[in-house]
Amino acid sequence: MPTSHEFKLMEPQPLHIKIRPETILDTDAIAKVNQLAFGQENEALLVERIRQSDRFIPALSLVAEIDGEVVGHILFSYVDLVSEEKLPVLALAPLAVHPQFQRQGIGSQLVEAGVAIADTMQEPLAIVLGHPAFYTRFGFKRSVLYGIKPPFSAPEEAFMIKPLQQYQTVYQGIVAYPPAFDGV
């Protein structure tokens, strides 16, 4: 009979996550991840409407995959910032991780990758309506500090922006979401 010192407990292996731009083959998996993460299909429909619009940025629709399976998705697309002029800026919406893989750093990796890509694309900022405890870890700050307001009533701490390297103070005004966001 083996003694107890002959058994070696296996340490949990870290997840090997690959972050990459979506492909046409990911469409169904992205919809499924969004439906499971949010418990409804609104966000999956939003992704599809944005994908079909002129506000879609293929390089900023990223998936997280483990062993070839899509387990997370993030989408940055164009919205407008309206004041004396109308300037295109990024909106982060939605961010979804399959419930089985939540709280394992996948959402964080997607945000970090998306922000890094947006920065290399010389985008000025990204807007998000989300949980402050999560997004402030990535440098998102209350948008009112930058003179940027939502087009609807939202808790001040939840409507945030992440200024990127190309940010300038000219980026102020009210956010105008395109028709793809209607009904969300």
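Bear in mind these aren't lab numbers, they're just calculated from the coordinates by the rules spelled out. Just so you know, these numbers come straight off a predicted model, no measurement behind them. Cβ coordinates were reconstructed from backbone atoms using ideal geometry, including for glycine residues, and neighbour counts include every protein chain displayed.
Just checking, how many residues over region 31-43 are in contact with a helix residue (DSSP H, G or I) (Cβ under 6 Å, 6 or more places away or on another chain) and closer than 17 Å to PHE76 by Cβ? So the answer is 2.
Of the residues in region 132-145, none is more than 12 Å from the chain's Cα centre (by Cα), under 26 Å from ALA31 (Cβ atoms) and surrounded by fewer than 17 Cβ atoms within 10 Å (Cβ to Cβ).
Per the listing ILE161, ILE117, the residue uniquely under 24 Å from GLN52 (Cβ atoms) and of a type in the set (A, V, I, L, M) is ILE117. Within region 65-83, the residues that satisfy the criterion of being of a type in the set (Asp, Glu) and either touching a residue at least 60 places away in the same chain (Cβ under 8 Å) or in a strand (DSSP E or B) (or both) are GLU65, GLU69, ASP80.
Within region 37-71, the set of residues being more than 28 Å from PRO151 (Cβ to Cβ) and surrounded by 15 or more Cβ atoms within 10 Å (Cβ to Cβ) comprises VAL63, ALA64, GLU65, ILE66, VAL70, VAL71.
Among the residues of region 36-47, those that are within 15 Å of the chain's Cα centre (by Cα) and under 22 Å from GLU69 (Cβ atoms) comprise ALA37, PHE38, GLU43, ALA44, VAL47. Looking only at region 76-87, residues that are within 19 Å of GLN122 (Cβ to Cβ) and surrounded by 14 or more Cβ atoms within 10 Å (Cβ to Cβ) come to 7 in all. When region 115-129 is limited to residues that are outside any helix (DSSP H, G or I) and surrounded by 17 or more Cβ atoms within 10 Å (Cβ to Cβ), the one that is nearest to the chain's Cα centre (by Cα) turns out to be VAL128.
GLU112 satisfies every condition listed in (1) more than 22 Å from GLU41 (Cα to Cα); (2) part of a strand (DSSP E or B) except (2). Applying the criterion of being in contact (Cβ under 8 Å) with a residue 60 or more places away in the chain and crowded, with 18+ Cβ neighbours inside 10 Å to the residues of region 163-175, the residue that is nearest to PHE76 (Cα to Cα) is VAL175.
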